[in-house]
Every structure is written in C-alpha cells, then in structure tokens.
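First up is the structure itself, then whatever we jot down about it.
What follows draws every value from the coordinates through simple rules; no lab data is involved. In this text, all values refer to a predicted model and were calculated from it rather than measured experimentally. As a convention, Cβ positions derive from the backbone with ideal geometry for all residues, glycine included, and neighbour counts pool all protein chains shown.
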Amino acid sequence: MIDITDEIFSEFKEHSVAEFFKKNKQMLGFTGKVKSLTTIVHEYVTNSLDACEEASILPDITIKIDKIGNEHYRVTSRDNGPGMPKKVAGKALGQLLAGTKFHRRIQSRGQQGIGASGCTMFSQITTGKSTKLISGLENGTIYETDVKIDVKRNMPELTNEKEYKDEEIKGTTIIAEFKTVTYNKGEYGPLEYIKRTALANPHTTIRFEDPDGELLIFERAVEKIPPVPKEMLPHPKGMTADDILTRASKSNAYKIKSFLMTDFARISSSKANEIGTHVSFDLNKRPQELKWDEAEEMVEAFKNIKFMAPETNFLIPIGDNQLTKAMQQILEPEFLAVVERNAQIYRGGVPFQVEVSLGYGGKAGRSVEKEETSKVEVLRYANRAPLLFDGGGCVISQAVSKVDWKRYELRNINESPVTIFVNVSSAHIPYTSAGKQAISDEDEILEEIRNALMDAGRKLKSHLSGKRRLLEKERKKKIFEKYIPETAKSLEFLTGTSKTILEQKLEEIVGSRFAELAEAEALENGNGEAAQENEAVTLDSESQEDKITDENTITEEHEKTGELDSESQEDKIANENTITEEETPPAEKRENTDETEKEVK
Amino acid sequence: MTDSKGKALSNSKEKVLSNEEILNSLSSFGKNMVDQIKNEEPPKFFVPTRTQTNIRYDEEKRLLRLGEGKSERKFINAAHTRKFMQTTMVASACMSYVNAEKTVGKRELYYNLKHSLPNSKENTFDDDTESGSVLDDLECSLDILRSQLHVNAKGRGSVYGDITIKQAGDEFNCSGLGRGGWLIPGNVEDIEITNCNADFILAIENDAMMSRLIEEKTWKSLGCILVTGEGMFPRGVRRFLKILYERLKLPVITFVDGDPYGFYIYSVLKYGSINLAHLSDKYAVPTAKYVGMTMDDIETYNLKNVTEKLKDIDRNRINEEMRYPWFKNNPVWLRQLKLMAEKGIRIEQQALANKSLEFVASTYLPEKIENEMFLD
C-alpha cells in the first residue's frame, strides 16, 4: 500500500498532479464538511511540528478558526519555528508532491508533501482566494506572500510579495479561507484532533481558539525536544523495481555496485558481489543505465539473499516518560500503563515501533452525553500524528478488537472508562490511502500492537484486581463493624464494663486486624496473586472449622447471606474469565479461593 | 432399678442451680470476653461441638455423650461475627430474665431481641431458629439448662394416671383432670410429686392412642401412668419422664409405631439425642424398654393387611439408624431394622384397631407387658 501515491505519481506526472488531486480531493482527506476542516488543521499543525523539531525548537503552535459565513471559515495557523524562506515558500504551499520529505527515508509526520499545498488548492477551489503566508526568519527578515497554485502546471503563483525587517515576528503564519466546511466539537472535529496531538506531543504547547472565541491551551508537559530524525537508507528487502530505478536515476555513483553499497542499508562489498552472482547483468555499468527488467532481477535477488535486519535506532518514539506525563496531564487517569515495545520489522525490511498507553478512570474514556458512564476511546497515531478517520479499516482498531479484554478485568471494554493510545512510528507508515487516516493491516504490525495492548492489559488487571481486593476488604471490615455496637451493649449488660470503651476497643481490634492484612499484602507486593492466595488460605482454615461446627445451622447461614453469595458467584465468573494462559494459578488453589469467598461471606 | 445414680438421687430433688449461680455464670461468660477485648485480643469463646462427628456412645452407661470437640466462635471471622453478637445478646437477655424472675418462651425471646442493626437494614435475628441455635450454644457452653436460663421449651404432650403433682402452688391428681390429663409444660424443674399409685410408666408416641388408652382405663387395669409426647418427645416430656423415673423408680416402657421414627423416639428416650447429647444425663432413661410395635407383631397378631409400604425417605432413615452404634451393635435392633427393610413395610400403633378398638387395651398390652415381651 505504500505505493498508491507513487503509482499515481508515475502515471500522472506528465500531466498535472495538481489537476489530478483537484478532481480527487477526497484522496487528500477533503471529504465531508467536518473532516475537511480537521484535515486542514492537521496539515498545518503537522508542518509546524516537523519544522520546529528539525530546527530543535520547542513548538508553540496556535490555531484559530473564525466563522465568516455559512460553511465558510478562516483558519489561522502560527508557530515559533524557523519560518519559511522565500525560495521554499512557493514549493511548500503552492506545489503538490514537492515537499522535502517524499524521497527521504525519514520518520516524520508529513510524508508525501501533499499537505499544506493541498490546503492551498482546497482554499482556492472553494473560495477562489489565495493563501497568505507571513514568515519570520532567523535573521529578522519577514517574508510575506499570497500563494495560489497554477493547477494546469502544478506550479506556485506568488503575488503581493513583501520583505521587511521585524525582529518581533518569528515563525510561520498561514492564513487561509475555506468554504463547504463545518466546525463542530465532536469526535472528528479540529478540537479533538488538537487534543490528541497534544497527547502525543508532550513537548508542544498548542493554543486553540474556536469559532466562538473560546481559547483552549494544552500546555507542554515536558521540556525535551525529540531528537531530529535521521535519514536512513532503505533496506533491500521490501524494495520494488520502481524504487530501485528511481534511486538509481538520482545516484552519483559510477557503478551499480557502488550505488548498491551507498544507497541501501546493509549491503557490504561482499553482499554486492553476492547480488552480482544472482543477476544476469554486469554490476560495473552506470546506475543510470539500469533497465526495468534488470531492476526486477535485482528485486528477485534481494528476496533470495540474506541481509542483516535493518537498523532500528532511526526510529524516534514518544518515550515512556513523555507519554506518561502527557497522559497524566490531559486525562488525569486513576490508572495509567505505558508500554514501549522494541522496534520490529514489517514486510521484510521496514522498521517500525509501537507504543501503547492505557488510561483508566479519571477523564479517560469518551464521555457520552446524558450518560454517566464513559465509553472506550481509541486514540490512533502514526508518527505522533493523530488518525481521526477511517478507524474501522485501521490496523490499530483491529488490534484493539483482537484483544480479549475480559482477561484483564474489563468485562465490557466498550462500556469502560478507558482510553487506549497507540502510536506507530516508522519511516514509512503503510497508510491505506493518501488521506493518511488509517494504517493498513500488516501482520507484523497487527501482532505487535496486540502484544503491546496485552502488556498494558496485564498491568491494568493487577491494578483493578488490587482495587477489587481493597473493596472486598473494606466490605469485610464493615461486616465486623456492623456488629460491634450490639455486642458491646450486651457485654456491658453482662459485666458492667462501659459500652463506649468496649466499642472503641473492638474497633481498634478490627482496625489493626485489617492493617495486618494490608501489611502482609504489601510484603507480597509485586505478586498480587500470591498475596491474595495467602489471605485465602488463612481464612480458609477458619471456614473449614465453621463447616464442622455449623452443620446444623448451615441452611440459615446460607439464607441470610444469599445476597452476598450471588456476589461471590459473580466473582467466580470473573475469576474464570480472567484466568488464562500464563497467569493461571494452580487449579487447586483457585478452587480454594472460590470456596473461601463463599464460606467467609 | 439398679441405676446407682438414680438411687443416690432418690427422695431428694435434683440439685437446682440458684439464680445467683446462674447470674454469676452468665456474667463470667461476659467477663471472659471483656478481658480479651481489654487485652486487645480479638474475643472468642468455645462451644462444645454438637454434631454427630462429636457424639460418642457410652457403652457402659448406655448414653450418648458429647465428645471433647470444641469449636471456636471468633468475633474476627466473617462467618462467626453475627453469631458472636447474637450469643452475647441472648446471654444478656437471659440475665435480665433471671433478674426479673420472668420466664419467656423461645419465640418470645426471639421477638424480644429482634431489631435492626444500627445503620443497617439487617436484623439482629431473622427467625427463632437463629435465636434457638444460639440458646443451645449457650446452654451447652455454660452447662446450664435452658429452663434455668428462664427460657421455656414449648409445652407439648400430656400425662394421665393416678399421680398427684404440685407445681406453682397448685396440687392435682392426673386422673382427675377431665379427659385429657395434665398438659406437661416446658419447664418441669419445680414439680413435686406428692402421691403415686402405679407400677410403671407407659410412654406413648401417638396422642390418639393415648386417648384410646385413657378411654379404656388402661392406666387402672395395668396400673400405669400414661405419658405421650405427641410425636417426637419434647424436652419437657423427656425431663418429666426422667424426674418420674429418678424419684419414683418406675420403669419406663415405650409404646410407639413400628417404623424408623418410632425406633428413634425410643432411642432418644433411652440414650439421649444427638442434638442434646450434652444433656443426656438430664434427659435419658437408660433402662427404658420397648413393648411395640415390632416387626414380629405383624405375624403374631396377623396384621399384615394393615401395614404401610416404606417410602424412599423411610428407607434412608433405616439405613442411617443401622449405622448408629446403639442399634448397629445390638442384634435385636439390627434384626428389627433389617426385617423392616426386607419386608418393605412399617406398622403403626393404631393398626391394632383393625382387630377391635379394645384389642390394644384388653389383649395386646397386657399380654406383652405381663410376659415381658420387650425389646431392649
């Protein structure tokens, strides 16, 4: 799926790419009135983040949306980045597929160089107006221009160009108007997009002013700029004939052999020689002379030769710390798990890395109007850029649905206050379409996300079962406390000892008994299951006794505890559901636990 | 009358605990727990275990005895706490009854103590079996009879015959109280027997049979006192029989249905019951004899056509009784149980009416008793 745009590109470059996209604007994400506006915000924010990070600046981004008329809005985007010099401004905003990133194997949010220019075109075809750029450069120069795209030639048209000095203005400001778009605060709107961006980019401050003039600020949670992604050479596995020809045509090498060694990762001199034995042509000819058939031969050779796995240290994940801080700041969850997995490879040669975070309680989950409970919320990201649309077709959604959440004490994941955050980092994210809203279902990526989710699930489980045990304990404590007053009163009558003193002492005894239990559990900490069993065993020996003593009264005992019994039945079911795989305690003990629960109650 | 204990007690009332002693006992029961609480120990007390596992049959004395088994009742044990509270409540209630010299019924005790717990919808007691079971515990662990704790067993059963009894200031002869005789109350500790003309006591299961024997004036013709428990003999009746037996040295002869339930009534009378094994000394009459109905009566008196078929529940009971040591190790009784199981039939007392209404009084009982055709 990498190659949708590539195919389009090769097929249409003789004509105008711009013309093609004008007719197929849905490919760029401009479908639906709400989605279009979100796409615009996405393109601008993405560009700003990439620009700031490349210049090692902590990003400060402001997005302002003004309503001008019915389905007519103005979007203002401002950042504190390095600004756009005159020579790149036209390409960046007025020419499709002209970005600096398309042919680079580098992990960045924007990938194909359609984004901001796509917005310029969308503005132009819905309002007839140009897009305004105000660019404050490092040296204090301000460059202003209005940008349009000459659709027939796919070339920028710059008008009203101005250059002046102003030390105050830094960074890039883009102002553009759009029609046939709508603003809303829903799940697919710009606000949600910005909130999600803030979550995945804790080093960023984002201000958002909505059409009602309401200002929302997402403050940065960490002061650390992520490292600049390094360009990486492509790994031979996963190359297509077209990829090879494109690279060969641009190569400065004199021979194909040296082209192979300089333009690809993991090809040493001896590997190059080995490739030579697999192909019918001479590796000593010039790369530019490589023909399609020969490139295909080479792809075949790459398939049959073993290469070292690609380096993965080019990938820049968000990081445990950063993600934790961002999730805490924005969701204030009762429980948070963050899982960073090691980099893996899909399609034989493309490295990727998965990060997962799971927030439970607090503001986690999607709140539903008129309902008190929250529902599950899945936040999908590719290279930290939120994916808002096409959730159904995305590998992340598939992975979430392939996890058996019941194992992790979430009986109904859909109705739980849970936010699931998944970020896939890769120099080449396999999007399902040029709109870049969903990741295709590569087996390796699916499996990796699923494993990460299960990791997080296990952490959540131990939190939830700890919480459940605590509640259980509280409940038991209350049982004892309930009977204190009558017992004290009767003992006062029998002995004359003050009821108040007896009540107080009994409360202390109950209290310290539960403190002991808590302490014992703390000692066993890190192994919650063991602590639970421990408790169960002590109580069990007691209840064995009861069984003998209370044989004659057992029926009434059960009657009066009928209500509690049904609770333990539930627990039993929950236990059965959660006990699986590696976490299964010995069956014997499990039964004991259940038995105990019932007896004790 | 060879029972040495019976002789020692003869002509003197059994020593009854004074109210003061009972109050002391209750208060030291409480004090024991208060001491534990003051020492910051989770309070607990012991109750002799009253289940079949802790019952043994004393071959020598021919009584059921409670074993050494004791169970703890701990306040800090979610399964005990409620019962713990209930026990202290019943103890303090009994103390107040003894103080006020009032005696309550089992159900009165329940209603007296029933209320909801503070800040809870839960009741202190949900029914009188709860308070009853706690009372049993208390009786057992303090070794004081429930009647001495001023809680009465339900009165049921009656006595008829030439015996003069004094109770609560009244004196009466049990053959002069109309058709029914004297209704035996739950508490008979305070009775005095001023006169008695009888050679033995006939303990009868069925009150209709009792009426028949009263009408036939059997008490006169056989020279006996008739006592019925109207089914399983209640505590009052059993205690009454024991008192009569001890004070008057009269043998007790049991006349019950020829079925597992009749057999068990006899065994309770003779050896004590599983439930009250700790009180066998106060209730059981180890010399009691069994006159009928027996499996052999069916042949002897040609009663085959008035037998009843055994149901599954009856067979289960037979199997259970065959495992009781006092039946299992007694060939006479094992034979009866086996015969019953083999034939698959049982015989009721009133089946004798098939011969004639008078048959039981004119033929059956005189013949069997005079010839001492007893099972033992």
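The 3J(HN,Hα) values that the Karplus relation (6.51, -1.76, 1.60; θ = phi - 60°) gives for the range B:166-171 are, in residue order, 10, 8, 6, x, 9, 10 Hz. Gly and Pro appear as x. Pairwise Cα distances in the range A:313-457 exceed 20 Å in 44 percent of cases.
For chain B, the membrane-span-like helices by this rule, meaning whole DSSP H stretches whose C-alpha atoms cover at least 27 Å of axis and whose Kyte-Doolittle mean is 0.0 or above, are B:81-100; this says nothing about an actual membrane.
The convex hull drawn around the Cα atoms of the range A:291-341, when projected onto a plane and averaged over every direction, covers 6.5 nm². Taking every residue in A:496-509 and counting other chain Cβ atoms within 10 Å of its Cβ, the average works out to 3. Only Lys, Arg, Asp and Glu carry charge here, each on its Cβ (+1 for the first two, -1 for the last two); on that basis the protein assembly as shown has a dipole of about 1440 debye about its Cα centre.
Using a cut-off of 10 Å between beta-carbons, work out the net charge of the residues near residue A:388 (Lys and Arg +1, Asp and Glu -1, residue A:388 not included). Cβ neighbours under 10 Å give a net charge of 0.
Here the range A:36-75 is described by how far its Cα atoms reach on the three principal axes: 40, 16, 9 Å, from widest to narrowest. Distance between Cα centroids, the range B:163-191 to the range B:232-266: provide it in whole Å. So the two Cα centres are separated by 17 Å.
Quick one: which of B:217/B:338; B:166/B:242; A:185/A:406; A:325/A:467 span more than 28 angstrom between C-alpha atoms? Pairs exceeding 28 Å: B:217/B:338; A:185/A:406. Each 20 Å bin from 0 upward holds the following percent of the Cα-Cα pairs of chain B: 26, 53, 20, 1. Each residue of the range A:19-24 was assigned a 3J(HN,Hα) from its phi angle through the Karplus expression (A = 6.51, B = -1.76, C = 1.60, θ = phi - 60°), giving 4, 4, 6, 4, 7, 10 Hz with x at Gly and Pro.
The equivalent ellipsoid that matches the C-alpha gyration tensor of the range B:254-376 spans semi-axes of 24, 18, 12 angstrom, in descending order. For residue B:78, the amide hydrogen comes within under 5 Å of no other amide hydrogen, counting only partners 5 or more places away or on other chains and with H modelled in the peptide plane. With a 10 Å cut-off around each Cβ of A:474-484, the average count of Cβ atoms from other chains is 4.
As a length-normalised measure over Cα pairs under 8 Å and 6 or more apart, the relative contact order of the range A:211-309 settles at 32 percent. The chymotrypsin sites (Phe, Trp or Tyr not before Pro) of the range A:243-307 meeting both criteria, a DSSP state outside H, G, I, E and B (loop) and at most 14 other C-beta atoms within 10 angstrom of the site's C-beta, are A:254. Which value at 222 nm does chain B reach when only helices count, each DSSP H run of 4 or more adding -39,500 (n - 2.57), with the total divided by all residues and rounded to the nearest 500 deg cm²/dmol? Helices in chain B give a 222 nm mean residue ellipticity of -12000 deg cm²/dmol. I want the antiparallel fraction of DSSP beta bridges within the protein assembly as shown, as a percent rounded to 5. Restricted to the protein assembly as shown, the bridges split so that about 80 percent are antiparallel.
Taking only the Cα atoms of the protein assembly as shown, the ratio Rg/Rh comes out at 1.28, with Rh defined as the Kirkwood radius. Applying the criteria of a DSSP loop state and at most 15 other Cβ atoms within 10 Å to the trypsin sites (Lys or Arg not before Pro) of the range B:239-311 yields B:249, B:311. Can you work out D for the range A:387-445 in µm² s⁻¹ from Stokes-Einstein, where Rh is the Kirkwood radius over C-alpha pairs, the temperature is 4 °C and the viscosity is 1.567 mPa s? Calculated translational D: 102 µm²/s. Measuring nothing but how far apart in sequence close Cα pairs (under 8 Å, 6+ apart) lie, relative to its length, the range A:261-418 scores a relative contact order of 16 percent.
Each Cα pair under 8 Å and six or more residues apart adds its separation to the average, and for chain B the resulting relative contact order is 14 percent. For the set A:129/A:170; A:33/A:91; A:237/A:271; A:477/B:38; A:257/A:285; A:87/A:129, the pairs lying more than 18 angstrom apart at their alpha carbons are A:129/A:170; A:33/A:91; A:477/B:38; A:87/A:129. Stokes-Einstein diffusion for the range A:161-209 at 4 °C, viscosity 1.567 mPa s, with a Kirkwood radius from C-alpha pairs, works out to 92 µm²/s. For the range B:57-212, the equivalent ellipsoid built from the Cα gyration tensor has semi-axes of 37, 20, 15 Å, listed from largest to smallest. At q = 0.21, 0.23 Å⁻¹, work out log10 I(q)/I(0) for the range A:456-498 with the Debye formula, treating every Cα as an identical point scatterer and leaving solvent out; two decimals please. Evaluating at q = 0.21, 0.23 Å⁻¹ gives log10 I(q)/I(0) of -0.70, -0.76. Using θ = phi - 60° in the Karplus curve 6.51 cos²θ - 1.76 cosθ + 1.60, the 3J(HN,Hα) couplings for the range A:163-170 round to 9, 8, 9, 7, 5, 6, 8, 10 Hz; x is entered for Gly and Pro.
Estimated translational diffusion coefficient (Stokes-Einstein, Kirkwood radius over Cα pairs, 20 °C, 1.002 mPa s) of the range A:207-271: 134 µm² per second. Between residue A:278 and residue A:87, the FRET efficiency estimated from the beta carbon spacing at R0 = 45 angstrom works out to 0.55.
Each of residue A:368 and residue A:160 was given a label point 7 Å from its Cα along the Cα-to-Cβ line. The distance between the two points is 4.8 nm. Please work out the C-alpha center-to-center distance from the range A:224-252 to the range A:386-410 and express it in whole Å. Taking the Cα centre of the range A:386-410 as reference, the centre of the range A:224-252 is 31 Å away. Per the Debye calculation on the range B:306-347 with a single equal scatterer at every Cα and no solvent contribution, log₁₀ I(q)/I(0) for q = 0.30 Å⁻¹ amounts to -1.03. For the range A:144-255, the equivalent ellipsoid derived from the Cα gyration tensor has semi-axes of 36, 25, 19 Å, listed largest first.
Its alpha carbons give the range B:120-254 an Rg and a Dmax of 16.9, 64 Å. Entry for the range A:420-520 at q = 0.14, 0.18 Å⁻¹: log10 I(q)/I(0) = -0.72, -0.92, Debye formula applied to identical alpha-carbon scatterers, no solvent contribution.
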